Structure formats: structure tokens, C-alpha cells
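**Q** Structure below; questions to follow.
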Amino acid sequence: MASSCSVLFTVFLFISLFLFYSASGTLVFPLKHSFSRTQFNSTHHLLKSTTVRSASRLHHHRHPHRQVSLPLTPGSDYTLSFSLGSQTISLYMDTGSDVVWLPCHPFDCILCEGKYNPTSIPNPGPINLTSAVPVSCKSRACSAVHSSLPSSDLCTIAKCPLEDIEISDCKSYSCPPFYYAYGDGSFIAKLYSDELSIPMSSPSLILQNFTFGCAHSALGEPIGVAGFGRGTLSLPAQLANNSPEIGNYFSYCLVSHSFDTNQVNRPSPLILGRYSVDEKMKQMKNYYSDYAYTPMLENPKHPYFYSVGLEGVSIGKTKIPAPASLRRVDRRGNGGMVVDSGTTFTMLPLKFYETVVTEFDRRVGPVLKRANPVEEKTGLRPCYYMDSGSKNVPQLLLHFGGNSSVVMPRRNYFYEFVDDEKVKRKVGCVMLMNGGDEGESGPAGILGNYFQQGFEVVYDLEKKRVGFAKRKCASLWDNLNQH
């Protein structure tokens, strides 16, 4: 067992410090995109790898206990950094999962070679835990991480004697290791608790018994994850137990990058708590706008998902109603659209996807020639040769439940790049993916982080709603930095 001396999880800001704090009780972290072009030999390879990874992640959301398909692909997620005493570690920020876990010494990672670039994730770990305390098999946290198994079953697995189980005296027996899988990898970890200290004011914010997973083995997951989902072990949920004003309301604003290295390297603000908007911010052109809110849908099978209802998609002036599976979650936990920071591309069920891209092609196809070879190499479609320019690309709107609509910037749903073949031509691809048959279990669709670029996406857990507001995210970061 580890010693009982205190380890402080101190959160700092990634550039000079790892954290800002405002007088209103807001924590601001920089999210850094882990993308690096050195991982890919062409734009085709980049897009194909990302489409495979997005499809794999949706498959896992639908079948969370099935075997992970191989080969595994390089990630394209956002990271934030923590300092544990004298050790600094980078973690992926993920709204699609609900556990915080770290790679710990000794750490064996299978099929992890080439999964990340050290220049984009400078502190991957693993770390040495010198003072964290194992969580008991009797704890609620242990039951939560084991899909709500009764503590009596968990303590039996932990080899607590029957007589002690009967009198509920198994506190000295540790929570058994747990298995956790993503769309592109998995790990086995044990639960530990320690003191989380965030230096934001006097006195500092201190969380007693902050619970996290310590992994010694992983498959395709060399980097730890800060789960931001709705589960009880997520980082926001644990913060909310002590400081509801911080944990029950958070947002992020992903800088628009279009896989451009210079833009990718700019920090995107992750904001815990509500920040005050001054008049200068409101007057900045294209900087501040009101939120379009949509209700969160409760999911009885996957309660940690941020599910919302998608009512339809407009291509130009043509509104295409979404199927019932996207508008609601049924009693078995199937349906709805998951807002997921850890998936790159937005995915729609097959028939609806075909209807949307067919309408798009009806408008663009007569003017721009289809780039069929590019579609085959990237996994995206439709793609076009942009010889006639992009003025014919129609507008795309998402219509959510609660009578809210979001106008997508063109760069969010139509990616233009130079084809890497011998005759270099500018091409453009629709950044939507086929999410499979509508009748599959689990979420019907995913709103990926590429569609979320250039918006502040807010998760209001008290009012159970998700909001979208168009922002200049780099300017928002600069403004919050100044304050």
C-alpha cells in the first residue's frame, strides 16, 4: 500500500502556468490539439486515419464491451496538462467518457508505437505514485467504475472473507482492477484516491479523496484521459461535489484549424464555471453571440453521454427532417446524437446521411466534378475538384431540439486541400461520415469536434442543456488571459 503522505494534484496553465483563475470563480485551461503532420505521409493518410478512428469510436459507443478492432490509428484529440507534485502529465480531454486515468510506472503499452508525437504531447507519462491510497472495494466509486456491481460482489473478487462481507467489514480490501475501452484502445487500471489541490485563490480549492485510475497496462492508449462525461467519477462531477459553480457548468472553444499546423498549435480555452462578459467583448465583431441551447437527453443505458436531439439538417434552403432515432433516446438507451470532444468527424445514420449528401451533391455536382479517387483514399464523400472555386458550396444548418438552430461555418463541414497526387489539384470534401444502420444499438449519431470548431460549446449540468455560440476562440483565449 502507498504511504499516506499527501500528494497534491496541482493544475497549472500549459504555456507559462497551466491555469488561470478569475475572481468570479472560473478556471481556465488551455486545450492543445495533439495533431502532428509528421504522423502522416499525406493528407489522404491523415483523413483516412481519422475517418477510421471516428468510425471505431462510434462502434465502441454502441458496443462498449466488444473487442477493439485492429489496427489502431493515431489519435487527434485535445490535451490538457496536470502537475502532480513535481511531475507534469498531459491527458486527453474527453466528454465521451467518465473516468480520469493516468499511466503509472511500470507501464506496458501494447501497439502504442507511433500513436502520438512527443513534440505535440510533451508530458505523456508514465508517472510514479508515491502517496495515493487504493480505493476500498466497499466504496461507491468502486461500484461506479465496475458498472454498478454490488460491493459484496466486488469485495468477493477482492478476496475479502465471507464473514467480513456479511458484517460489511472489507474496508481494508482494495477495489479490483477494472477494464475500460474506447473506440481505439483500452486499459486495465486500479482506483486510487488522493487530495486534489487547485491554486486559484486563498484558500486554494481542495478536493479530498479525488478518485482516479492508475493503469499499468494498455492497448493502443499511451496517453491518460480526463473524462468529462456525466458519470460520478468524471472530473466535472468530482469538482461539483465540492464547488458546484465550477463543476456543474463548463465550456470549451476549439480554435478553427482545418489541420493547419500553425492554427493547431494555438491554445483553445477550456472554461470551468461561468465567466463574465464585458462590454468590450460584446462589441468585438464576430466575437460574442448568444447561445443556442438544446436540452440534454437522458440515457438509461449510457448515463455519461451528453446526448441531444437532432431534428434536422438544412442544405441551403432545403430542410431535411432527421429520423426519430436522432431526435430522441428510447427506453433501452438507443438513439440521440452524442456531443463528443474525443471524436473528430460528425456521423449520421446511413439513410439520413445518404439523403443529406445526395442533396448536397444535387446542388454542387452540376458545377464541380466529383473527385472519386480522393473519396477512395480518404473515406470521405462526396469530394470535388475545386476548379470552379467554392462559391457553389451551399450553407449547412443543424436544427436541434428546443427549437434551436446552428449555422455551420463552411470550413467546419467542407474541407479544402491540395490533392497530393502527381497533378496537384485543389479538392474539397464534405466532413460528414456514414454512421451505419439506423437500427443499431447505442447513439444514432455523433457531433464530432471538427464540427464544433469556432463555437463555444457549453455544458450546463444544472439546467441539463448544451449550448452553442459562435466565437473567435483564439480571441476568447487572449481575452480571458488578460483578465
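**Q** Scan region 451-476 residue by residue and report those that are at pLDDT below 90 and hydroxyl-bearing (Ser, Thr, Tyr).
**A** Passing the criteria: only Ser475.
**Q** Residues of region 157-185 being in contact with a strand residue (DSSP E or B) (Cβ under 9 Å, 6 or more places away or on another chain) and either at pLDDT 90 or above or open to solvent by 70 Å² or more (accessible area, probe 1.4 Å) (or both), which ones?
**A** Ala158, Cys170, Lys171, Ser172, Tyr173, Ser174, Cys175, Pro176, Pro177, Phe178, Tyr179
**Q** Report every pair of residues separated by at least 6 positions or lying on different chains whose Cβ atoms are under 9 Å apart, first residue within region 323-352 and free of Cβ contacts under 8 Å to residues at least 12 places away in the same chain, second part of a strand (DSSP E or B) and surrounded by 24 or more Cβ atoms within 10 Å (Cβ to Cβ).
**A** Close Cβ pairs satisfying both conditions: Ala324/Gly335.
**Q** Out of everything in region 128-142 that is buried (at least 18 other Cβ atoms within 10 Å of the Cβ) and among the hydroxyl-bearing types (Ser, Thr, Tyr), what residue ends up being farthest from Lys190 (Cα to Cα)?
**A** Ser139
**Q** Looking only at region 152-164, count how many residues are closer than 14 Å to Phe178 by Cα and in a helix (DSSP H, G or I).
**A** 4
**Q** What pairs come out if I take residues in region 226-241 that are within 18 Å of Ser147 (Cα to Cα) and assigned to a loop (DSSP other than H, G, I, E, B) and pair them with residues that are among the small types (Gly, Ala, Ser) and open to solvent by 10 Å² or more (accessible area, probe 1.4 Å) whose C-beta lies under 8 Å away, six or more apart or interchain?
**A** Arg230/Ala237; Gly231/Ala144; Gly231/Ala237; Thr232/Ala141; Thr232/Ala144; Leu233/Ala141; Leu233/Ala144
**Q** Restricting attention to region 405-412, does a residue exist that is open to solvent by 10 Å² or more (accessible area, probe 1.4 Å), touching an Asp or Glu at 6+ places or on another chain (Cβ under 7 Å) and basic (Lys, Arg)?
**A** The answer is no; no qualifying residue exists.
**Q** Just wondering, is there one or more residues in region 309-317 that are acidic (Asp, Glu), open to solvent by 20 Å² or more (accessible area, probe 1.4 Å) and modelled with pLDDT of 90 or more? Before you say what the answer is, go through the steps one by one.
**A** Narrowing region 309-317 to residues acidic (Asp, Glu): 311.
Then keep just the ones that are open to solvent by 20 Å² or more (accessible area, probe 1.4 Å); that gives 311.
Filter once more, keeping what is modelled with pLDDT of 90 or more: 311.
Yes.
**Q** Of everything in region 362-384 that's among the charged types (D, E, K, R) and not in a loop (DSSP other than H, G, I, E, B), which residue is surrounded by the most Cβ atoms within 10 Å (Cβ to Cβ)?
**A** First pass over region 362-384, keeping only residues among the charged types (D, E, K, R): 362-363, 369-370, 375-377, 381.
Going one step further and asking which of them are not in a loop (DSSP other than H, G, I, E, B), we end up with 362-363, 370, 375-377.
Numbers: Arg362: 13, Arg363: 15, Arg370: 15, Glu375: 17, Glu376: 12, Lys377: 19.
Step by step, filter region 362-384, then rank; the result is Lys377.
**Q** Among the residues of region 462-483, which ones are of a type outside the set (Lys, Arg) and farther than 23 Å from Ser307 by Cα?
**A** Matches in region 462-483: Cys473, Ala474, Ser475, Leu476, Trp477, Asp478, Asn479, Leu480, Asn481, Gln482, His483.
**Q** Just checking, which of Ile188, Ile206 is at pLDDT 85 or above, outside any loop (DSSP other than H, G, I, E, B) and not polar (S, T, N, Q)?
**A** Ile188
**Q** Considering only region 235-268, how many residues are modelled with pLDDT of 70 or more and touching a Ser or Thr at 6+ places or on another chain (Cβ under 8 Å)?
**A** Residues meeting the conditions: 6.
**Q** Hey, among Phe400, Phe360, which residue is touching a Ser or Thr at 6+ places or on another chain (Cβ under 9 Å), on the phi < 0 side of the Ramachandran plot and not basic (Lys, Arg)?
**A** Answer to the check: Phe400.
**Q** Tally the residues that are touching a Ser or Thr at 6+ places or on another chain (Cβ under 9 Å) and not small (Gly, Ala, Ser), restricting the search to region 314-327.
**A** Qualifying residue count, region 314-327: 1.
Let's see how each residue does on (1) closer than 23 Å to Arg230 by Cα; (2) in a strand (DSSP E or B); (3) in contact with a Leu (Cβ under 6 Å, 6 or more places away or on another chain):
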| position | (1), (2), (3) |
| --- | --- |
| Gly402 | yes, no, no |
| Tyr415 | no, yes, no |
| Phe451 | yes, no, no |
| Tyr459 | yes, yes, no |
| Phe468 | yes, yes, no |
| Asn481 | no, no, no |
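**Q** Using the structure shown, decide if Asp387 is farther than 24 Å from Ser307 by Cβ, acidic (Asp, Glu) and assigned to a helix (DSSP H, G or I).
**A** no
**Q** Please go through (1) in contact with a Pro (Cβ under 7 Å, 6 or more places away or on another chain); (2) surrounded by 23 or more Cβ atoms within 10 Å (Cβ to Cβ) for Leu348 and return the number of the only condition it doesn't satisfy.
**A** With respect to (1) in contact with a Pro (Cβ under 7 Å, 6 or more places away or on another chain); (2) surrounded by 23 or more Cβ atoms within 10 Å (Cβ to Cβ), Leu348 is out only on (1).
The values are calculated or read from the model by the stated rules, or taken from the named source; none is laboratory data. Not measured: the values here are computed from a predicted model. Here Cβ is always computed from backbone atoms with ideal geometry, including for glycine, and neighbour counts include all displayed protein chains. Heavy atoms of the whole protein, side chains included, go into the accessibility calculation; ligands, DNA and RNA do not. Shrake-Rupley method; radii C 1.70, N 1.55, O 1.52, S 1.80 Å.
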